[in-house]
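Take a look at the structure below.
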Amino acid sequence: MKKISSGIVVSRRALLAAAPVFVAFGLAPMRARAALTTTDRADLKRVQDYLNGIHTLRSRFEQIAGNGGIATGTIYISRPGHMRVEYDPPVSILLVATGGRIWYYDKNLEQVSFFDLKDTPAWFLLQDNVTFGGDLTVDDLQHASDVVRVTVTETKNPDLGKATLILSDNPLELRKWHLLDAQQKTVTVTLDNPQYGLPLNPQLFYWTDPRPPTARDNG
């Protein structure tokens, strides 16, 4: 359980459900798969090296939930450990990952909450070093028609969910991720014209309470 600054206690599951782009980084129960071939291992090494070569990302995105709900916005990533997600109206949520925490701001409710980055699936893309076979267990790998799909679970917590990264090939580029969570709910996030390696203003990842003074917690 995490306490938000207005004094309300909410569960980690509720926070993630309200912030589905973070859920979309999430992971689900692992299923058995055939042993990796030499070609599979070579593909995984390429994908792992590619992910570790991402230092910054700015992209528009479209998010589609399994119930048909659609949201759009802009995502910024600066590895390691920094992310900013700005949803377009009518979604009123702002997310900022910095300093080992994720800050969550609901503009309509004027409510701020936070939780540890390590307590969320967001560490997957924000960690300093992505390692398949280490923190991440590979559940499935498919490579066809210039598309590579890698499905992973968190090694220590495989019950959290299952994530499939979808990359275009020749050259490799992360284009989409798909989630199937433990409750069989799905979320798909598609990047629209992602730009990698751009200099990003560090202030994007600074957190200051955006609420008016009257809405802030005096305690």
Residue under evaluation residue 159, criteria (1) open to solvent by less than 50 Å² (accessible area, probe 1.4 Å); (2) more than 16 Å from residue 47 (Cα to Cα), criterion not met
(1)
Kindly evaluate residue 155 against the criterion of being closer than 23 Å to residue 97 by Cα and among the polar types (S, T, N, Q).
yes
The one condition in (1) open to solvent by less than 50 Å² (accessible area, probe 1.4 Å); (2) without any contact (Cβ under 8 Å) to a residue 40 or more places away in the chain; (3) over 18 Å from residue 52 (Cβ atoms) that residue 134 fails to fulfil:
(3)
Filter the stretch 171-206 down to the residues that are polar (S, T, N, Q) and in contact with a Lys or Arg (Cβ under 8 Å, 6 or more places away or on another chain) and list them by number.
188, 190, 193, 195
Looking at the stretch 132-151, can you tell me whether even one residue there is closer than 26 Å to residue 39 by Cα and of a type in the set (Phe, Trp, Tyr)?
yes
Selection within the stretch 42-78 - of a type in the set (Gly, Ala, Ser), touching a residue at least 60 places away in the same chain (Cβ under 8 Å) and buried (at least 19 other Cβ atoms within 10 Å of the Cβ)
59, 78
Which residue pairs have Cβ atoms under 6 Å apart, sit 6 or more places apart or on different chains, and have a first residue in the stretch 79-107 that is among the acidic types (Asp, Glu) and a second that is surrounded by fewer than 18 Cβ atoms within 10 Å (Cβ to Cβ)?
86/74; 88/72; 106/92
Report whether or not residue 164 is of a type in the set (Ser, Thr, Tyr), assigned to a strand (DSSP E or B) and more than 21 Å from residue 71 (Cα to Cα).
no
I'd like the residue in the stretch 166-215 that is within 26 Å of residue 100 (Cα to Cα) and hydroxyl-bearing (Ser, Thr, Tyr) and, out of all such residues, is surrounded by the fewest Cβ atoms within 10 Å (Cβ to Cβ).
208
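The values are calculated or read from the model by the stated rules, or taken from the named source; none is laboratory data. Not measured: the values here are computed from a predicted model. Glycine also receives a Cβ, built like all others from the backbone with ideal geometry; neighbour counts cover every protein chain displayed. In case anyone asks, the SASA skips ligands and DNA or RNA and just uses the protein heavy atoms, side chains included. Shrake-Rupley method; radii C 1.70, N 1.55, O 1.52, S 1.80 Å.
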